[in-house]
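J.: For reference, the structure I am asking about is given below.
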Amino acid sequence: MLTLNNVEVMYGKVILVLKGMSMHVPEGKIVALLGSNGAGKTTTLRAISGLLKSENGEVTDGSLEYAGSVITGREPEEIVKSGIFQVMEGRRVFEHLSVEENLIAGAHTRRERGSLKDEMEQVYHYFPKLKMLRTRTAGYLSGGEQQMLAIGRALMARPRLLLLDEPSLGLAPLLVKEIFSIIKKINEEQGTTILVVEQNANVALSIADYGYIMENGRIVLEGDVESLQSNEDVREFYLGMS
Ligand code: ATP
């Protein structure tokens, strides 16, 4: 569904951040993109979403293909319309709006017209907590609830490909487990393809079909989850086992 071919990204025309990044995300699967701080994971997501221009970054070589078309250099609005939706790192919700208003705002970008109510019920099916909190101002939600809302808002757009940037960030382990099991459920029930960027390799591999490990702007290792989990280097450096 999504393929990156040797993508190169530069910031400010001097700093090369992606140095020939290649990866593939098959339709209907969950792919984990792992790697340490500063490896270039967020930059990869921005390149896919067309968000680099606003940050001065630029794809200077290689190409991105999605659903049979080259999408390199496309505007973010066009990318969203084609069904790719990114949930940013740090749970960016509209803090002054209620939970329900945040969800309605998410529906604004959806591709097909459908009943807003049905879409909202679908979000509440995955996140029953949000239903209970639907009139609450988003800024007063806990970190975990805000992460649920950020994902819920993305679901309102009925994405074909969901890009998740560090959904575990700053959340207690139990909550991380809960959110990842909901992500898996969305993938299984809706068939939504998911690319999840994580520093928490353990939890990402617990739901993924396939994983990529990124270091210093390129992929250094890839494989199905079992092979990554049994790889000595991965166990030592990413999974905290030896
Ligand atoms: P993290 O997990 O910390 O977000 P990451 O793997 O997502 O790390 P990126 O955020 O993609 O990494 O950053 C990759 C590199 O690009 C880092 O060295 C970062 O300092 C640099 N970088 C990111 N944004 C910019 C920018 N706007 N201008 C210049 N350099 C940038």
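The values are calculated or read from the model by the stated rules, or taken from the named source; none is laboratory data. In this text the structure is predicted, and so the values were computed from the model without any measurement. Quick reminder, even Gly has a Cβ in these numbers, built from the backbone with ideal geometry, and neighbours come from all protein chains shown. We work out accessible area using only protein heavy atoms, side chains counted, and drop any ligands, DNA or RNA first. Shrake-Rupley method; radii C 1.70, N 1.55, O 1.52, S 1.80 Å.
J.: Filter region 153-175 down to residues that are within 16 Å of the ligand (Cβ to nearest atom) and among the hydrophobic types (A, V, I, L, M, F, W, C), then give me how many there are.
T.: Selection size over region 153-175: 4.
J.: Just one of (1) touching a strand residue (DSSP E or B) at 6+ places or on another chain (Cβ under 7 Å); (2) more than 18 Å from V87 (Cβ to Cβ); (3) of a type outside the set (D, E, K, R) trips up S206, so point out which.
T.: S206 satisfies every listed condition except (1).
J.: Sticking with this structure for a sec: Spot the failing condition for T137; the list is (1) among the β-branched types (V, I, T); (2) more than 24 Å from A105 (Cα to Cα); (3) open to solvent by 10 Å² or more (accessible area, probe 1.4 Å), and only one is missed.
T.: With respect to (1) among the β-branched types (V, I, T); (2) more than 24 Å from A105 (Cα to Cα); (3) open to solvent by 10 Å² or more (accessible area, probe 1.4 Å), T137 is out only on (2).
J.: Another question about this same structure. Among the listed residues V203, V220, V197, V225, identify the single one that is touching an Asp or Glu at 6+ places or on another chain (Cβ under 7 Å) and within 16 Å of the ligand (Cβ to nearest atom).
T.: V197
J.: If you scan region 49-72, which residues turn out to be open to solvent by 40 Å² or more (accessible area, probe 1.4 Å), modelled with pLDDT of 90 or more and not hydrophobic (A, V, I, L, M, F, W, C)?
T.: Across region 49-72, the qualifying residues are E58, T60, D61, E65, G68, S69, T72.
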